[in-house]
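The values are calculated or read from the model by the stated rules, or taken from the named source; none is laboratory data. On a predicted model such as this, the values are computed, not experimentally measured, just so you know. Here the Cβ positions follow ideal geometry from the backbone for every residue, glycine too, while neighbour counts run over all protein chains shown.
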Amino acid sequence: MSTTVVESPLPTAERSRPLGGTARAFRRRTQIIDRIARSLISVSGIGIICAVLGIGVFLIAEILPLFSGATLHPGLVQSALPPGEPPQLVLVDEHQEKALVIGTSALVRTVSLDGAEPPQVFSLDGLQGHRITAASRTLREETVALGTDQGRVWIGTVALRTLFDGSQRRVQPSVSTDSVFDATPGYRITRLAYRATGTHRVIAAVADDRHLIVTRIRVQRPLVGPARQVVESVRVPTGELGTPSALLVSEDGLQILLGTAKGILARWRLPEEGAPQLLEASPAVSGGSLTAMDYLLGARSVVVGGSDGGVATWSLVRDEERPDGWRLARIHTFAAHPERVTVIAPSPRDKGFITASLDGTARLHYMTSERTLAHFMAGRHPVAADMAPKTNGAVVLSEDGLLRHWHIENPHPDISWRGLFGKTWYEGYAGPEYIWQSTGGTDDFESKYSLIPLIFGTLKGTVYALLFAVPLALFGALYCSQFLDKRWRNPIKSTVELMAALPSVVLGFIAGVVIAPLVQSHVVAVLAMPAIVPLVTLGGILASHALPWAQAKTFARRNEFWVLTAWVVVGIVVAGGLGPLIERIGFQGDFESWLTGAAGLLYDQRNSLVVGWAMGFAVIPVIFTVCEDAFSSVPRHLVGASLACGASSWQTAWRVVLPAAGSGVFSAIMIGFGRAVGETMIVLMATGNTPVMDWSLFNGFRALSANIAVEIPEAPHGGTLYRVLFVAALLLYAMTSVVNTAAELIRLRLRRQLQGL
Amino acid sequence: MKRWWLATALVAVVAGATRLGAAAIMVDSNLGMYQRVGGISGNLNSIGSDTLNNLMAFWVEGFAKHYPNVKIQVEGKGSTTAPPALISGTSQLGPMSRPMKASEIDAFEKKYGYKPTAIGVALDALGVYVNKDNPIQSLSIEQVDGIFSSTRACGGQNIARWDQLGLAGEWAQPVSLYGRNSASGTYGYFKEHALCKGDYKGTVKEQPGSATVIEGVTNDRYAIGYSGMGYLTAGVRLVPIAPQGSTKTYEATADNVYAGTYPLSRYLYIYVNKAPGQPLDPLVKQFILYVLSQEGQEVVVKDGFVPLVKDIVDVELKKLE
C-alpha cells in the first residue's frame, strides 16, 4: 500500500509554531477595541432611545398638573357677629388680611382673618332704627345696596382698599354713603338687586317675599335749568310664575332675571317707557323652588341653585326665533348637594364659583370645564360667602355668626379631557361646539381650548401636501431611475436634494405673499393644469410620431429629456391660456362666485391649494430621494430578465421595479408624512391660521405645529395655555412616533417578503 | 384710563390749539422740550406691543441723539409678551396697546409686592380698514361685530357678504377677514370694544403684525381688517364708524379721538416697574420724560398716531414721582 504525501504549502516551522508575541498583542488590542466600540455603540443606541422616550416623559410631566384638582387650606374660624344677629353680607380683600361683615344692625364690622388686629366697627348713615334684611353686591365693584325691614334702600361704597405708606402695605376699610331712599315703604325687603350704569340706576326689590318692585333713577339734564333726578317705580306682576325667590339685574340695566318658588327662571325687559315685558320663562328647578342665583364673571351666565340641591349654569344663547334674538339655555349641570342651596359666590377672576347648601356642604366648581374641584364643610346654614379677588381664597359666614376662611390653590380649573377633545357648550353659543380661541384682552373671557380643530387642521394640511407630493415624487423617482439618460441622473438628484435645503420660512413667505395672489387670479388655470399638461405632453409626443425627420432625434435617449421638458412648458403655457376661456365657458366668467353659488364654498386667498403646493415642495425631496434609492437598488438581474422576456421599459418599471422596491416606497411615504405633520413655518405663513373644520380645498386651516409657534411666546409660563400647548406637542410626538414605528415594522416585513427574489 | 380724561383734553385742545385741522395734527406747544441731564448710561430692553413698534424705534433713535452711549433694544411681538418680560426682568419697558389684565397684574404683584405702573404715551384710533377700491361709506359697531364675530354679542346680524351691507354689482362677494393673532393687544382691545367681548369667527386670518394686516387688505380686494391708525397706506382706506346704538358716524381723526366720539379710541401705554415710595430707575425715567416731551410727541405725529396734550402729560408725569 502506498501513502500519498501531500506537500504542505507552509514551511514546517511556521505551521507548528504557536502565534508569537506581536501577533497576540495585536489580537488582544483588536479584541479590546472591538469590545469598546461595541459598548460605545450600544450605549449610544440605547441613549438615543432613552432620549426620545425622555422627551415623551418630559411632555407628560408638563401635562399632568392640568388634571389636578384644587387644594383648600383652612384658616381661622372666628365669631364675626354677636349671637342672634343673622349675617347679610361678607367681603374679603385681595391679600386676605381682613373681611368686612354686615349683619342686621346698621353696622359694618371688620374682622382680621389671621386674628392679628382687633375688630373695627363703622356705622351706616340713614339706617337708624332699621334692620337690614337684604343685600346686593356686584362682582368687582365697591358699591353695595342694602334693603331694610321698613322698605328703605341704602346705597354706598363698602370696600377694603390696599394702601402704601412708603413701602409698607396696609389694608383699610372704606365705607361711605351715596344715597338713601324709601323704595317700598311699609314693606320688608326680602331680596334686593342693584345695578348702576352710566345713564341710570336700577333697584329691583322683593317686598315681603311676594311683590316685585323695580325702581329706576335717571338723571335728566335739560338745556335750561338744573339737573334733576327722575325716579320711577313700577310693580312687576309675577302672577302664575310663582312668588319671587331670587333676583338679578343685567349688566346694561335693561333686563331683570327672576327665580321663583315654583322653580321658574324668568326674564323681563325694562323698556325706556312703559311696563316691563316678560321675554321668557323656563322651568329651571323641577319640583322645587329656585333658592339661590348669581351672575358669573362677565354677567353672561347665571348659576342657579334649587331647593333640591341641584346646581346648574344658564346662559343667554342666540336664537333668531325669539323676539329679542336671545334665549336662556342650561349649558352645564353639576352634581347636586344633599339639601337646598343657600349661597352662591362667584369668582371675580374667572368662571369659577362656590356653592354651599343648608347642611354645610360646600363645593368649588368651574363652569366651562364642568368640574367640581373641591368639597369642604362650611358650617350649618351658610348665609353669605365671598371669593377673594385673586380667587386664591374664600370666606363663608354661617347663620350662627361664625366666619370661616380658606386659602385656595387652583392652578388649572378650566381644563378637562372633555374640554380638550369633546364638544363644550360655551356661553353665547347656540350649542356645544369644537372651538379654539385661547385668549382675549379681558379677564372675563372664556378660554376655549378644544384641540379637535387643530388635529383636523394638521391632518388636512398633511393630506393635501401628500396628495400633491407623492405622485410627483414617486413617478419622478421612477422616471429618474428607470428611464432617464444616465448623464442626467446625478445632476437631477443633486438639484432635488438642494430643494430640501430651502428654508421652510422662505417657502412659506413666497407662498403667502407671491403665490397666493397669483393663484387667486389664475385659479381655473391652476386647477386645470394636472389635466392639461399631461394631455399636451402626450399629444406633442404622439404628434411627433407623424413627422419622420423628427423621430430619430426625438427618441434618441439623450434628447428625450429636453423634448419632454419643452412639451411640459408648452403644456403649462397652454393651461394658462386656456384658463380664462374655461372660466368663461364653464363657470360663467367668475370661478369664485360660481364656487359660492354652486358648491357653497368660500374662496380664501390663503387656502390649502397654495399651502399644499408649498408643503409639497418641502416634502418632495424627501420622498424623491428615498424612492429613487429604492428603485435603483432593485437587483439589475430582475430588470434585465424582464426586458429580456420582451417587456417594455414601462411594463418593467410598473410591474417589476415598483413592487420590488415596495418597502422603500412605503417607507418614503411615511417619512414624507412625518415631515408634513411637523411642518410649522410654511403653514404659519401661508395659511391664515384659521381653525376651520372642513375639507374644502379653498380655505385655510390651523395646524398643531403652527399653533404652538404662534401661541407659545405669549403663554404665561406654567399657565393653562402653556400646558395645553404641551398637550399639542405630545400629540404631534405620538403621531410621528406611532406612524414611524408602524412604517418601520411594515417596511421590514415587506423587505423580508421580497428577500427571496 | 377713564374716557373723561379725553373730555378734559378736548377743553385744553379747543382753548389752546388754533391750527388743529384734519390734515396736520400739531403737538401741544405747552409741552416742554426735552432737557438733557448728565450721568445717564446703560442699556434698556423693550419687549411688547407690535402696534408701538415704529413709535419705539423712532423714540429710541431720538433718545440716542441725546445720549449716544445708551443702547436700547426693541422687540415687538404683541402686547401679551410685555408682562412676562417685565416680571422676569428681561425688559425694563413694556409697551402695550391695551391695559394689563388683572391676572397679569397679579403675576407682577406676586413677584414684586406692588402693582406695575402704566404710563399713557400716545392716543390711537383703532381703524377698520378696507381695500382702497371698496366703496362702503361707513359701518356701525353692530355691523363690525356681525362681520367679525361668531357670537355677535353687540346684537347685530351675521354679515358674510358685501351685498348685505348695501354694495351691489361686482361687490356682491364674500367678505375676506384679516386680524391679529392672540398675542396682540390690538386683538384683545378689538374683541372687547368692537365685538362686545364676543368671539372672533374661525375664518379671521391671523396675521403676525399690524403692517401685515394692512398688506393683506391691500392685496385682497374684498378684504376687511383692523389695525392702528398709524399704519394707513395708499392701498387701503379707513372706514368711519358709528358707535353702538347710534347712527352718527365718526372718522378716525385726532379731533374725534380727543373728543372721545370715535368709538375705538384708546391709549397706548408703556408699563414700567416702579416701587411705591422709591424713585424710578434714572435711565427709564429719562426715556419716559423724553417720550412725554414735545420732541417725543412730535414722533407720535410723525408715525400717524394722536399726541397727548399737556393736561394728560401732567397726570402721567405724576406717576413717575
When every residue in the range B:259-313 that is within 14 Å of another protein chain (Cβ to nearest Cβ) and among the small types (G, A, S) is compared, the one surrounded by the most Cβ atoms within 10 Å (Cβ to Cβ) is B:G260
Picking from B:T249, B:T218, the residue that is hydroxyl-bearing (S, T, Y) and away from chain A (no Cβ under 14 Å) would be B:T249
Scanning the range A:289-316 for residues that are surrounded by fewer than 24 Cβ atoms within 10 Å (Cβ to Cβ) and over 30 Å from the mean Cα position of the chain (by Cα) gives A:S289, A:A292, A:S307, A:D308, A:G309
**Filter pass, A:A227 being touching a strand residue (DSSP E or B) at 6+ places or on another chain (Cβ under 6 Å) and surrounded by fewer than 22 Cβ atoms within 10 Å (Cβ to Cβ)** = yes
Counted residues in the range A:430-458 being part of a strand (DSSP E or B), more than 10 Å from chain B (Cβ to nearest Cβ) and surrounded by fewer than 19 Cβ atoms within 10 Å (Cβ to Cβ) come to 0
Residue pairs within 8 Å by beta carbon, gap of at least six or interchain, first lying in the range B:26-38 and part of a loop (DSSP other than H, G, I, E, B), second surrounded by fewer than 13 Cβ atoms within 10 Å (Cβ to Cβ), listed first then second, are B:M26/B:R19
Counting only residues that are surrounded by 16 or more Cβ atoms within 10 Å (Cβ to Cβ) and farther than 21 Å from A:E117 by Cβ, the range A:153-190 contains a total of 12
Residue set A:V692, A:V710, A:V724; condition within 12 Å of chain B (Cβ to nearest Cβ) and outside any loop (DSSP other than H, G, I, E, B); output residue A:V710
Here the residues within the range A:499-524 that are within 24 Å of A:M670 (Cβ to Cβ), of a type in the set (A, V, I, L, M) and either at pLDDT 90 or above or not in a helix (DSSP H, G or I) (or both) are A:A501, A:L502, A:L507
Fill in: Flag for A:A668 being under 24 Å from A:N740 (Cβ atoms), surrounded by fewer than 24 Cβ atoms within 10 Å (Cβ to Cβ) and either in contact (Cβ under 8 Å) with a residue 24 or more places away in the chain or not assigned by TED's automatic domain parsing to the domain that holds A:L502 (or both)
no
The correct count of residues that are of a type in the set (A, V, I, L, M, F, W, C) and either surrounded by 18 or more Cβ atoms within 10 Å (Cβ to Cβ) or in contact with a Lys or Arg (Cβ under 9 Å, 6 or more places away or on another chain) (or both) in the range A:497-508 is 1
When B:V128 is run through (1) crowded, with 23+ Cβ neighbours inside 10 Å; (2) of a type outside the set (K, R); (3) over 30 Å from B:Q92 (Cα atoms); (4) within 12 Å of chain A (Cβ to nearest Cβ), the failure sits at (4)
Exception for B:Y200 within (1) under 21 Å from B:A160 (Cα atoms); (2) out of contact with any helix residue (DSSP H, G or I) (no Cβ under 9 Å at 6 or more places or on another chain) falls at (2)
For the range B:271-278, check the following and say yes or no: at least one residue is touching a helix residue (DSSP H, G or I) at 6+ places or on another chain (Cβ under 8 Å) and not in a loop (DSSP other than H, G, I, E, B). yes
Within the range A:153-191, the residues that are aliphatic (A, V, I, L, M), out of contact with any Phe, Trp or Tyr (no Cβ under 6 Å at 6 or more places or on another chain) and more than 20 Å from A:H211 (Cβ to Cβ) are A:I155, A:V158, A:A159, A:L160, A:L163, A:V171
Residue in the range A:137-148 that is farther than 21 Å from A:M387 by Cα and either buried (at least 20 other Cβ atoms within 10 Å of the Cβ) or in the same structural domain as A:L212 (by TED's automatic domain parsing) (or both) present: yes
Open item on the list: Please determine whether any residue of the range A:598-619 is without any contact (Cβ under 8 Å) to a residue 60 or more places away in the chain and in a helix (DSSP H, G or I).
Closed with: yes
Taking the range B:158-191 and keeping residues out of contact with any strand residue (DSSP E or B) (no Cβ under 7 Å at 6 or more places or on another chain), over 19 Å from A:T596 (Cβ atoms) and in a loop (DSSP other than H, G, I, E, B) leaves B:S182, B:A183, B:S184
Just one listed residue, out of A:S494, A:S416, is surrounded by fewer than 22 Cβ atoms within 10 Å (Cβ to Cβ) and in the same structural domain as A:G84 (by TED's automatic domain parsing), and it is A:S416
When the range B:35-71 is checked residue by residue, the ones that are farther than 30 Å from B:T186 by Cβ and either touching a His at 6+ places or on another chain (Cβ under 8 Å) or crowded, with 23+ Cβ neighbours inside 10 Å (or both) are B:R36
Exactly one of B:S103, B:S79, B:S88 is within 14 Å of chain A (Cβ to nearest Cβ), buried (at least 18 other Cβ atoms within 10 Å of the Cβ) and either free of Cβ contacts under 8 Å to residues at least 60 places away in the same chain or hydroxyl-bearing (S, T, Y) (or both), and that one is B:S79
Of the listed residues (B:K201, B:K191), the one being in contact (Cβ under 8 Å) with a residue 40 or more places away in the chain, more than 15 Å from B:V130 (Cβ to Cβ) and among the charged types (D, E, K, R) is B:K201
